[in-house]
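Notes follow the structure.
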Amino acid sequence: MNKTIIAPSILSADFANLERDIKIIEKSGADWAHIDVMDGHFVPNITIGAPVVKALRKVTGMVFDVHLMIENPEKYIPDFAKAGSDYITFHYEATKEKTSQVIEQIKSLGIKVGISIKPKTKPEEITDFIDKVDLVLIMTVEPGFGGQSFMPDCAEKIKYIKEKGEKDLIIEVDGGINAETGKICREYGANALVAGSYIYGNSNIEQAIYSLR
C-alpha cells in the first residue's frame, strides 16, 4: 500500500452539523471518516452510538472507520454492522480472552476487522491476532478525548506491528497527529492516519489533509 489513508476523526467535527462536516472532508480529499464510539466506562467520555452512524451512512459513501472504545463490544457490534460500518475496530484491553471470538464475530458480519491497543499495552500482547485482522490501530494518546499531545514512545510500536504483519495490513495511528507527527508515523511504517483537531481546526482543511500524506 503506497498511499497513506487519511481518516479525519469526526470527534472534532461540529456535532450540530455532522452531515456538513463529513461532506467537507470528503470533498477535501479524505479517504475515510473515523468515528469514535465511547461509552463512559472503557474511557471517561461518552460520544455517539449506532443510530448516528446509520443516519450518517445515508448522506455519504465514505468508508466508515468505526473505533469502539467500549466495554463488551460484542454486544454492540451487530448494531454497528447494520448501521453501515465498513471497518469495526475494538480494543484488545476490552476483550482479552474473548479476542478471537470478537474477531470472528465481526468477520461473520461481512465487516473488516481492526484491533486497537492503548499506550500502556505492549504490541507483543496482540502478536497472535495480527494475521487475523485487517487493521491494527495504535493509540498515541490515552483514548477518551481529542486534542491530546502525541506520545512518541507509542509510535515506536508501529515497527513491531509492521514486522509481524502481512504487507497488506493497515497500520493506523490515532492521537496527536499533525504534519510533523504524521511524518514520524509514516517513516515507522504506518499507512493510515487519524487526525481530528488538526484537520477540523485548520482554516484550510484540504491543505491539512494533503500535509499528512
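Looking at the range 166-200, the trypsin sites (Lys or Arg not before Pro) that sit in a DSSP loop and have at most 10 other Cβ atoms within 10 Å of their own Cβ are 167. With neighbour counts taken as other beta-carbon atoms within 10 Å, the residues 66, 53 rank, fewest first, as 53, 66.
For the range 63-76, the Karplus equation 6.51 cos²θ - 1.76 cosθ + 1.60, evaluated at θ = phi - 60°, returns couplings of 5, 9, 9, 8, 10, 8, 9, 9, 7, 6, x, 4, 6, 10 Hz by residue, with Gly and Pro reported as x. Summing charges over all other residues whose Cβ lies under 14 Å from the Cβ of residue 72, with Lys and Arg as +1 and Asp and Glu as -1, gives -3.
Phi-derived couplings, Karplus 6.51 cos²θ - 1.76 cosθ + 1.60 at θ = phi - 60°, listed residue by residue for the range 192-199: 8, 10, 9, 9, x, 5, 5, 7 Hz, with x used for Gly and Pro.
Between the alpha-carbon centres of the range 111-132 and the range 72-109 there is a gap of 13 Å. In this structure the amide hydrogen of residue 116, modeled in the peptide plane, comes within under 5 Å of the amide hydrogens of 90, 91, 92, 137, none closer than 5 places in sequence on its chain. What the phi angles of the range 88-94 give under the Karplus curve with 6.51, -1.76 and 1.60, with θ = phi - 60°, is a coupling list of 10, 10, 10, 9, 4, 5, 8 Hz, glycine and proline written as x. The alpha-carbon atoms of the range 1-149, seen along their principal axes, cover 40, 35, 35 angstrom, with the largest extent given first. Summary of packing: across the peptides 19-28, 68-77, the per-residue average of other C-beta atoms within 10 Å ranks them, highest first, as 68-77, 19-28. For an R0 of 25 angstrom, estimate the FRET efficiency from the Cβ-Cβ distance between residue 124 and residue 168 and round to the nearest 0.05. The formula returns an efficiency of 0.70 here. Per-residue extension of 0.36 nm, minus the Cα-Cα distance of residue 15 and residue 27, leaves a gain of 2.5 nm for this segment.
If the elastic network links every pair of Cα atoms under 10 Å, which of 184, 170, 158 fluctuates the most in the Gaussian network model of the chain? Largest GNM mean-square fluctuation: 184.
Its relative contact order, with pairs defined as Cα atoms under 8 Å and 6+ residues apart, puts the chain at 22 percent.
Coordinate-derived values only; no laboratory data. All values derive from a computational prediction rather than experimental measurement. Don't worry about glycine lacking a Cβ; one is built from the backbone with ideal geometry, like all the others, and counts go over all protein chains shown.
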